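Take a look at the structure set out below.
The values are calculated or read from the model by the stated rules, or taken from the named source; none is laboratory data. In this text the structure is predicted, and so the values were computed from the model without any measurement. Here Cβ is always computed from backbone atoms with ideal geometry, including for glycine, and neighbour counts include all displayed protein chains.
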Amino acid sequence: MALKSATRILFGENISDAIYDAVIVVSHSTRALSSYPGLQSLVPVLENYSKLNKSFEKGTVSLIQTEKVHSQRLIYSSTGSVNTDFDDVRKYIAAAQRAVSSAIGFGVKSPLLITIPYERFPQAELVSAIGALHPAYTSYSHRNEDGRSLKLDSLSLYPISDNSPRFLNIVNALQRAFIVSRDIGDGDPQRMAPPKVAEYVKSLFEGTSVKITIDDDQEKIKQEYPLLAAVNRSANDVENHQARVIWLEYNNEEPPSKNSGKEFETLMLVGKGVTIDTGGVDLKIGGSMFGMCRDKYGSAVVAGFFEALNILQPKGIKVRAAMCMVRNSIGSNAFTCDEIIISRSKKRIQITNTDAEGRIAMLDPLTKFTEEAHKEKNPHLYTLATLTGHEVLTYGYHAAIMDNGPAKQVLHAENLQQSSDIFGQPMEISRLHSEDYEFNNAENEYADIRQGNTKPSVQTLRGHMGPALFLIRASRLDEHGIDSKTPIKYTHVDIGSAMLEQPHISFPNPLLALVGHHIIPQNLKTRILQVFKVFDQNKDNTIDINDVGNLYRCLLININQEQLSEIESQLLKTEFDSVFLDNVVPRLLSQLQNEDSKFKPASDEILEAAFRTLIDHNKGEGLTKEKLENLMTSRGEFLSDSEMTEMKSHLSIRKNGILDWRSYVRDIKLSIQEMAQSQKGNNNRQAKN
């Protein structure tokens with residue numbers, strides 16, 4: 001049976017209500033509570049206690065008896081410092097975890113959680129709630145075999161920044177997504193063998209908005225996914241260990257909310273799902289096999305992501321996924337080094353290390369998505385895997401993002417990294433280079449590509465980048481790079497051990513980052529503030545007046561020079577020709593939320609219509625670079641020489657000299673994001689000077 005129930009998530013606004021058997025406060029400062037009338041009665045209690053406990057505000061948990069709350073149990077959990085260079089929103093996650101873990105130990109079942117936000121961290125209340133729910137998790141086997149009850153009956157949230165039903169729904173969706181990921185990811189090799197994972201996922205999504213298809217025919221798997229079948233070859237003799245490929249799909253083509261600035265996207269996710277990794281014939285020894293049941297965490301994150309999709313029902317997104325469920329066993333029929341296996345892409349793959357099974361288990365489903373990407377709107381392919389020890393040595397418990405050329409052009413890694421910081425699962429960016437490409441060159445004429453080398457990744461230079469290039473080359477994604485007429489965005493995410501290792505209960509990572517980036521609708525004001533910070537050179541909540549236009553354009557707002565001049569004339573400027581955050585943001589927010597506003601993001605349809613108009617002016621003939629320049633500098637609002645130079649720098653010209661205007665429509669939005677990144681770099685350099 002899949003997930004049946006979870007902790008009830010409620011709002012609670014009265015700290016003295018009898019339904020709470022404890023009140024938990026997560027805060028960076030006791031004084032901060034005085035800003036909220038409903039909490040002011042707690043301030044003297046906390047201040048008096050702080051005189052008895054010098055470590056009170058230093059990241060500790062304190063249980064305080066007081067009549068100010070009905071249960072007389074007030075639990076204060078300090079985040080510690082939040083304003084230094086190296087503090088981040090994870091301080092709230094950790095503080096909430098410590099508090100609820102202590103509360104459960106005290107016998108608490110229905111606490112009220114109060115999170116005092118800090119201006120640097122717009123999602124502090126959300127991530128605090130997710131942190132609080134972590135120690136409340138009850139394992140899949142205990143729930144289903146022993147009938148154990150949930151550790152918390154309910155968790156009530158004191159609303160400070162957001163008291164909408166939407167916020168509760170997001171917390172509930174994330175709670176359930178995390179439970180699904182933990183159930184699969186932490187499950188032992190028997191309870192979560194490939195067929196058992198398939199049963200769990202089918203039970204979870206059957207009859208919902210998520211479409212599920214399971215490939216369980218071993219002969220079909222062998223024919224269509226030969227490398228995945230090779231990994232599972234030794235395990236196939238045991239029926240309960242046979243491979244499964246679980247296909248999931250969610251599709252909501254309803255347009256997203258107005259002024260969201262969000263384009264329709266199609267995500268195509270491939271998750272590594274090795275239910276136990278023995279290393280195969282290259283056997284893991286010296287205790288290194290312990291914890292390898294979590295080698296399926298890429299697929300676990302995929303399943304959790306779909307649970308969030310199913311509950312939140314986001315608009316303007318399609319997601320397809322493959323969970324590649326296999327078991328890397330050792331036996332007489334196991335795949336071995338020196339084998340050359342023909343992949344789905346018809347590439348001949350030389351096996352060099354059976355303990356590098358994850359990349360080849362994902363390869364054929366990735367190839368299938370590569371073949372089908374041209375049918376999708378704005379596709380972006382991902383592989384998600386606990387792939388290399390090298391990634392763990394490099395980044396610790398942070399997942400790594402690796403983009404191919406088309407994904408890099410849209411600054412995908414930088415944007416995802418920013419989201420990961422906001423939602424408390426910081427991810428690092430690794431870049432792919434020519435030596436990573438060449439690393440996978442075959443060593444003999446019998447093969448096209450080698451799987452890797454014979455050494456562990458931790459003994460290999462750039463040991464977590466090579467697998468990403470293997471997947472790109474072996475799936476033929478390298479034929480869809482920036483030099484192709486059919487570029488495809490692709491990102492490899494090496495999770496490493498970001499979710500934590502045995503014996504700890506996992507904290508699904510980068511699940512929250514991915515949900516925050518792709519699913520949770522971003523608050524409009526938050527989005528404006530994020531872009532404002534890009535141009536805030538001095539970090540003093542001001543930007544140069546000359547950057548106001550860039551601010552609008554980075555929010556994908558079509559604005560001409562006349563409109564910009566009008567806006568600039570209405571803004572209050574400092575003596576240094578800067579404008580304040582408080583002066584710009586309310587004005588911009590009002591303009592974007594006004595249905596009759598003339599400031600609207602330019603849609604793909606508008607941009608396409610504009611080019612069709614230019615083609616009509618050219619008597620229906622294709623546009624050359626020279627003809628486009630003539631039209632843009634002689635009709636309508638003329639472009640300046642510098643503006644025309646900037647425009648031409650992004651043109652995509654076919655071999656016959658005709659402008660590929662459809663590619664340019666796509667690239668216009670990319671150039672806006674590049675402008676923001678470039679400006680940020682200039683600001684950083686100026687600040688150093």
Query raised in the report: When you scan the stretch 1-60, how many residues do you find that are outside any loop (DSSP other than H, G, I, E, B), in contact (Cβ under 8 Å) with a residue 12 or more places away in the chain and not acidic (Asp, Glu)?
Result: 20
Query raised in the report: If you take the residues of the stretch 346-361 that are part of a loop (DSSP other than H, G, I, E, B) and under 28 Å from the mean Cα position of the chain (by Cα), which of them is farthest from residue 281 (Cα to Cα)?
Result: 356
**Report entry** Residue that is in the same structural domain as residue 479 (by TED's automatic domain parsing), buried (at least 24 other Cβ atoms within 10 Å of the Cβ) and among the basic types (Lys, Arg), where the choices are 327, 344, 348
**Finding:** 327
Report summary line: Per the filter on the stretch 53-97, residues within 35 Å of the chain's Cα centre (by Cα) and on the phi > 0 side of the Ramachandran plot are 59, 80
**Report entry** Members of the stretch 109-135 found to be touching a strand residue (DSSP E or B) at 6+ places or on another chain (Cβ under 7 Å) and not hydroxyl-bearing (Ser, Thr, Tyr), listed by number
**Finding:** 111, 112, 113, 114, 116, 124, 125, 129, 132, 133
Report summary line: Conditions (1) touching a Pro at 6+ places or on another chain (Cβ under 8 Å); (2) buried (at least 20 other Cβ atoms within 10 Å of the Cβ) -> residue 90 fails only (2)
Report task. Inspect the stretch 332-341 for any residue being in contact with a strand residue (DSSP E or B) (Cβ under 9 Å, 6 or more places away or on another chain), part of a strand (DSSP E or B) and in contact (Cβ under 8 Å) with a residue 24 or more places away in the chain and give the result as yes or no. Result -> yes
Query raised in the report: Could you count how many residues in the stretch 12-30 are within 34 Å of the chain's Cα centre (by Cα), surrounded by fewer than 20 Cβ atoms within 10 Å (Cβ to Cβ) and of a type in the set (S, T, N, Q)?
Result: 1
Query raised in the report: If you take the residues in the stretch 51-87 that are aliphatic (A, V, I, L, M) and within 25 Å of residue 14 (Cα to Cα), which one is surrounded by the fewest Cβ atoms within 10 Å (Cβ to Cβ)?
Result: 63
Report summary line: Those residues of the stretch 74-130 which are of a type in the set (Phe, Trp, Tyr) and over 21 Å from residue 507 (Cα atoms) amount to 76, 86, 106, 118
Query raised in the report: Of everything in the stretch 285-315 that's more than 17 Å from the chain's Cα centre (by Cα) and of a type in the set (Gly, Ala, Ser), which residue is surrounded by the most Cβ atoms within 10 Å (Cβ to Cβ)?
Result: 291
Requested in this report: May I ask you to list pairs of residues, at least six apart or on different chains, whose Cβ atoms are under 6 Å apart, with the first in the stretch 388-404 being assigned to a helix (DSSP H, G or I) and the second being polar (S, T, N, Q)?
Outcome: 389/457; 390/457; 392/497
Requested in this report: Look at residue 448 and say whether it is among the acidic types (Asp, Glu), touching a Lys or Arg at 6+ places or on another chain (Cβ under 6 Å), modelled with pLDDT of 95 or more and assigned by TED's automatic domain parsing to the domain that holds residue 510.
Outcome: yes
Query raised in the report: In the stretch 489-518, how many are surrounded by fewer than 24 Cβ atoms within 10 Å (Cβ to Cβ) and farther than 23 Å from residue 422 by Cβ?
Result: 5
Report task. Kindly check whether there is at least one residue in the stretch 379-401 that is in contact with a helix residue (DSSP H, G or I) (Cβ under 6 Å, 6 or more places away or on another chain), at pLDDT below 95, hydrophobic (A, V, I, L, M, F, W, C) and farther than 30 Å from residue 92 by Cβ. Result -> no
Requested in this report: Check 366, 387, 411, 381 and return the single one that is over 29 Å from residue 196 (Cα atoms) and assigned by TED's automatic domain parsing to the domain that holds residue 251.
Outcome: 411
Query raised in the report: Among the residues of the stretch 421-454 satisfying the criterion of being more than 27 Å from the chain's Cα centre (by Cα) and free of Cβ contacts under 8 Å to residues at least 40 places away in the same chain, which is nearest to residue 339 (Cα to Cα)?
Result: 445
Report summary line: Within the stretch 106-120, residues part of a loop (DSSP other than H, G, I, E, B) and either in contact with a Cys (Cβ under 7 Å, 6 or more places away or on another chain) or surrounded by fewer than 24 Cβ atoms within 10 Å (Cβ to Cβ) (or both) come out as 107, 108, 109, 110, 116, 117, 118, 119, 120
Requested in this report: Grab the helices (runs of 4 or more DSSP H) fully contained in the stretch 124-187, keeping just those with 2 or more residues being assigned by TED's automatic domain parsing to the domain that holds residue 311.
Outcome: 165-185
Report task. For the stretch 515-545, name all the residues that are at pLDDT 85 or above, assigned to a helix (DSSP H, G or I) and of a type in the set (A, V, I, L, M, F, W, C). Result -> 515, 545
